[in-house]
Amino acid sequence: MYIEKTHLTLPFRKYYFLIGLIFYLLFTANLGSAQIDSLEKRLLGLPENEERVDVLNQLSYAFAYNDTEQSLKLANEALELSETLGYEKGKAYSYHYLSAVQTIKGEFESSKKYNKMALEIGERIKANDLLIRAYNMKAYNWDKEGKVDEAIKIFIKALDLAEATNNTWGIRVISTNIGDYHASNGNFEKARTYYRKSIAIAEAHQQLNLLSWNYRQIAESYFKEGNLQEAKEYFNQSLELAEKVDDKRTMAFIKHNLALVHLDANERTKADIAANAALRIFKEVGDQEGLLFATTTSMKVCLASKRPDKAIRIGKAVEYISEGFKTSPTYLEVQENLVAAYEQKQDYKTAHLIHKKLHAVKDSVDYQNRLNDAMKLEEKYDSEKKETENALLRAEQQKQAATIHHQRLLNFFLVLVAILVSVLGYVIYRAYEEKTSNNQLLEEKVNERTNELLTTNQKLLQSNEELARFAYVASHDLREPLRNIMNFTQLLQGEVQKAGLKEGLVYMNIINKSTHQMNQLILGTLEFTQLSNKNAQNEPLDLNKTVDNIQSSITSLLTKRKVTIDLSKPLPTIEANPARMYSLFKNLIENGIKYNQSEAPTIKIDVQENADFYTFSVKDNGIGIEKAYQDTVFEMYKRLQNKEQYDGAGLGLSNCKKIVNNMGGEIWLESEVGKGTTFLFTIAKSPKRMKREATLN
Ligand code: ADP
């Protein structure tokens, strides 16, 4: 760590930083030119992938100290490629190395910016190796700005992370830096505990150059404490290791340090030898700044041993050093030593001249420093302003990103909803289409069936009509020969009777009955066929009169059988065909009398009325009808008894059914064997309805 106020008394301290950086870059990177060559070769065969980013970064790291421009170029190339590839870790390392190179160049503001970006990515992707390096860099930059307390906090954070992840590079480098921090604050013992952490790792990995470096630091801490003995011992151990690995530069630094130690120990000869060796090696390796350090030390040794001429000779030798160094504090120290040497020689004139020159330079250096400070302040202000602007921009960016994210989510849901609605719409449309086509199909089928039914009905009507016509023609035509048979049978019966042919009379009786039966069948059938004619004329008809007429036509039967015909209430007047109503009531009344074994048959006629229909009933106290036959009695030619027992053709009830049905009504019966039968039928009140329903039959 570099602390201004101590650097004049301990001249090597000003090398801390520079050496620290060399340490950071060279000893830790451990990259020689052979490795650079092999990395460059590897790069040739690599396509634009993540490995190429890694190699570019490693190369940038390798060039950082020796060729900053090349190093920057490589890191920028790596950055560009990692951005194209979306390779976050590669990007973070590129930023880190850009930051390192900027530090080497002395561009701390720029270095801090790059390192900040490296840290942001490192923390986001949790790249510990990178984080350790980036924290180290951050602390290093803060330390450089004089923010030592913040720096040490970050160093400790980095060391904790390095120890937790067993990152030997991190433990080594950061321990060394923390050691430097404590040493600069005068906590030498504490500093050494950190140096020893680094030593432990260097020993374990047999990294001799590193060990040499750490021993040198321990030696230095003892020297600062005034423990010259320990200091000498560690410097010598450090020197031994540097010689082993032939690290000339470190060797030169140690010789230079040893010269100072010997000087303090009043061992002037040894100091002189060491200082000369340092001078020689720095010249050999071409390290001009090192040469300046060794020069001041050498001059001090000469002055201490009162050899001003040698001091002047050594001091003048660096007058030809690069212009860039001529304002450096070390060069000014050389000039101060020259003044002291001329004073020792009592050449006060020259001493005064150099002193004047020195002050002019110092003033200009001070002016330059003030100018630099002002510029730095301005730069700092600018960068802070930019930082604030950036922070605002970043916040705005984040806000916008959140809005975009929100909008994206919303869009996604909208698209989802739209898709769902479309799917639903499609499903509904399909279902509707299917239903419509089904309906159409159904409608077509219904129409087809209706048409079929109509045709069938038509055909049925036609065939019914043909059948009725045939039955009518047949029964009508049959009556003529039958009438002849009946007439001639009667004639024949008279002749047989006259002849006294007993057996012949029996035969004639049978023929008579059969012809009578046949006549009844033909009449019944004829009546039935006539009922098929639906164009029967209706007219208002008083049913009471109809029943009266029937009674008049069968008076002898009524008397003979002692029949009572009873009307519960007067019957209504309805719109109907008189002949058919007559036939209907007559059939039912005659059946009630015929199928009746009581002494005095009773026929009760009743009517019930509702909004649309009349329900008539004809009740007898006859033999009744078994349950099993209550429906079949309405069929044509259906008879339950034989004709010997009860005379009949089996057509009466079928005719009744046809009449009622033709008028749109229904007929049925209720009966109990031995007790009697009630025939019930309905007749619609409205003739329109009656007519319509009748046409359906
Ligand atoms: P039929 O000319 O034989 O009387 P119907 O068609 O009038 O023919 O009657 C059919 C059959 O129904 C009859 O043979 C008879 O057995 C039965 N029947 C009809 N009316 C009655 C009734 N009032 N009581 C009992 N049985 C009846």
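Bear in mind these aren't lab numbers, they're just calculated from the coordinates by the rules spelled out. Please read all numbers here as calculations on a predicted model, not as lab measurements. We place every Cβ from the backbone using ideal geometry, glycine too, and count neighbours over all the protein chains shown.
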(message) Restricting to region 516-556, and then to whatever is buried (at least 16 other Cβ atoms within 10 Å of the Cβ) and of a type in the set (Val, Ile, Thr), can you tell me which residue is nearest to SER475 (Cα to Cα)?
(response) ILE522
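Quick grid of which residues meet (1) surrounded by fewer than 10 Cβ atoms within 10 Å (Cβ to Cβ); (2) assigned to a helix (DSSP H, G or I); (3) out of contact with any strand residue (DSSP E or B) (no Cβ under 8 Å at 6 or more places or on another chain); (4) not hydrophobic (A, V, I, L, M, F, W, C):
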position	(1), (2), (3), (4)
ALA468	no, yes, yes, no
LEU478	no, yes, yes, no
ASN484	no, yes, yes, yes
VAL496	no, yes, yes, no
GLU503	yes, yes, yes, yes
(request) Would you check which residues across region 269-295 are small (Gly, Ala, Ser), in contact with a Lys or Arg (Cβ under 8 Å, 6 or more places away or on another chain) and within 14 Å of SER322 (Cβ to Cβ) and list them? (result) GLY290
(request) Would you point out the residue of region 578-598, among those that are away from the ligand (no atom under 11 Å from the Cβ) and not in a loop (DSSP other than H, G, I, E, B), that is surrounded by the fewest Cβ atoms within 10 Å (Cβ to Cβ)? (result) ALA579
(message) What's the number of the only condition in (1) outside any loop (DSSP other than H, G, I, E, B); (2) within 12 Å of the ligand (Cβ to nearest atom); (3) acidic (Asp, Glu) that GLU575 fails to meet?
(response) (2)
